[in-house]
Amino acid sequence: MVTLSFREANLFILELRFSSSRFLNRAMLAQKRASNIMIKSKAWNWDLSIAPWWEEPAAEVYPLLFKWNKMGFKKFLDLGCGIGRHSIFFANNGFEVDAFDLGEEGVRKLDKLAKEKGLPIRSKVSDMLSLPYEDNQFDCLVAYHVIYHSDDDGIKKVISEIKRVLKKDGEAYVTFNSQNSDSYKDLDNKHITENTIVKEKGHEAGIPHYYAKKENVENLLKDFEILEFSYKEEYYPDYMGAHYFVLVKNTKQPLP
């Protein structure tokens, strides 16, 4: 009879669990490729998203506002506005702001706050896979922790929509999940492709998340000029989240 130490037994169980997960992930990947259908978008439940930082502008947008104001940009799109922290910030500083989000509750909160502050923000409930705007409409846009809420096909569609609604030489600031994030490696999350998981718990349950490597991001943005590219890891009590932060300019023509 073969006997295992406590440590060896635990390692065996972990390896078995990981192998089973890889097998299931491959099966789901094959099923996804066979169907060739983008995952349907799903909104956040803002009643469960109570973190205070969602009410304050991200630190990264302050220099963008100063830069875009100096460049004479006026028409701004808050792509995936949530409860409107960036919409309010840009409108307060003289920009003409359009905002949209798939979550009706988030847009209602933005509308209420904009009314209280007397800010003429044009808001809509809509899906980022089909932006409800004309071609060449915006000077600049921010999509902060937004466009990766999709799968491999969906994120390509969103980026093509960003290019469509931006004016020539317009700029966009977008963020991407990195595969270094703990959530990408968490075996409790369901992988539907190599790059995409669907979270099972919390306020993001059922929402797809696309995770990229640096080369994935560069390839996705090949039809833009990349002006700035940075990587950051953020540590919290129970997990580490890693993201790419990218500023692009709409100068290139899309490849055929």
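The values are calculated or read from the model by the stated rules, or taken from the named source; none is laboratory data. Note that the coordinates shown come from a computational prediction; the quantities given were computed from them, not determined experimentally. All Cβ positions, glycine included, derive from the backbone under ideal geometry; neighbour counts span all protein chains shown.
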- prompt: Does at least one position in region 146-169 carry a residue that is in contact with an Asp or Glu (Cβ under 9 Å, 6 or more places away or on another chain) and assigned to a loop (DSSP other than H, G, I, E, B)?
  reply: yes
- request: Can you confirm whether region 208-219 contains a residue that is outside any strand (DSSP E or B), of a type outside the set (Gly, Ala, Ser) and closer than 21 Å to Asp78 by Cβ?
  value: no
Scan of region 193-234 for residues that are surrounded by 13 or more Cβ atoms within 10 Å (Cβ to Cβ), more than 18 Å from His145 (Cα to Cα) and either of a type in the set (S, T, N, Q) or without any contact (Cβ under 8 Å) to a residue 12 or more places away in the chain (or both), ordered by number: Thr193
field: Answer residue from region 173-192, given it is outside any helix (DSSP H, G or I) and hydroxyl-bearing (Ser, Thr, Tyr) and is surrounded by the fewest Cβ atoms within 10 Å (Cβ to Cβ) among those
entry: Ser181
message: Condition first: among the aliphatic types (A, V, I, L, M) and at pLDDT below 95. Now tell me which residues in region 82-101 satisfy that.
response: Ile83
query: Would you pick out the residues in region 112-123 that are more than 22 Å from the chain's Cα centre (by Cα) and not hydrophobic (A, V, I, L, M, F, W, C)?
result: Lys112, Lys115, Glu116, Lys117, Gly118, Pro120
- line: Going through (1) surrounded by fewer than 17 Cβ atoms within 10 Å (Cβ to Cβ); (2) modelled with pLDDT under 95; (3) not aromatic (Phe, Trp, Tyr) one by one, Gly106 fails only at (1)
- request: Read through the list (1) under 19 Å from Ala143 (Cβ atoms); (2) among the acidic types (Asp, Glu); (3) out of contact with any Lys or Arg (no Cβ under 9 Å at 6 or more places or on another chain), then give the number of the only condition that Glu215 fails.
  value: (1)
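May I ask you to verify whether Trp54 is within 23 Å of Ile159 (Cα to Cα), modelled with pLDDT under 95 and buried (at least 16 other Cβ atoms within 10 Å of the Cβ)?
Spelling it out, it is not the case that Trp54 is within 23 Å of Ile159 (Cα to Cα), modelled with pLDDT under 95 and buried (at least 16 other Cβ atoms within 10 Å of the Cβ).
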message: Among (1) surrounded by 20 or more Cβ atoms within 10 Å (Cβ to Cβ); (2) of a type outside the set (S, T, N, Q); (3) under 30 Å from Lys214 (Cβ atoms), there is one condition His145 misses while meeting the rest; what is its number?
response: (1)
- request: Among residues belonging to region 73-103 that are more than 19 Å from Glu204 (Cα to Cα) and small (Gly, Ala, Ser), point out the one that is surrounded by the fewest Cβ atoms within 10 Å (Cβ to Cβ).
  value: Gly94
field: From the options Val158, Val165, Val107, residue that is of a type in the set (A, V, I, L, M, F, W, C), in contact (Cβ under 8 Å) with a residue 24 or more places away in the chain and out of contact with any Leu (no Cβ under 7 Å at 6 or more places or on another chain)
entry: Val107
- prompt: Can you find even one residue in region 54-70 that is of a type in the set (D, E, K, R), farther than 24 Å from Ser160 by Cα, part of a helix (DSSP H, G or I) and in contact with a helix residue (DSSP H, G or I) (Cβ under 8 Å, 6 or more places away or on another chain)?
  reply: yes
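In region 200-213, what count of residues is obtained for those that are over 14 Å from the mean Cα position of the chain (by Cα) and modelled with pLDDT under 95?
6
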message: Please determine whether any residue of region 124-142 is surrounded by fewer than 16 Cβ atoms within 10 Å (Cβ to Cβ), at pLDDT 95 or above, assigned by TED's automatic domain parsing to the domain that holds Thr175 and not in a loop (DSSP other than H, G, I, E, B).
response: yes
- request: Could you please let me know if Asp151 is surrounded by 17 or more Cβ atoms within 10 Å (Cβ to Cβ) and touching a residue at least 60 places away in the same chain (Cβ under 8 Å)?
  value: yes
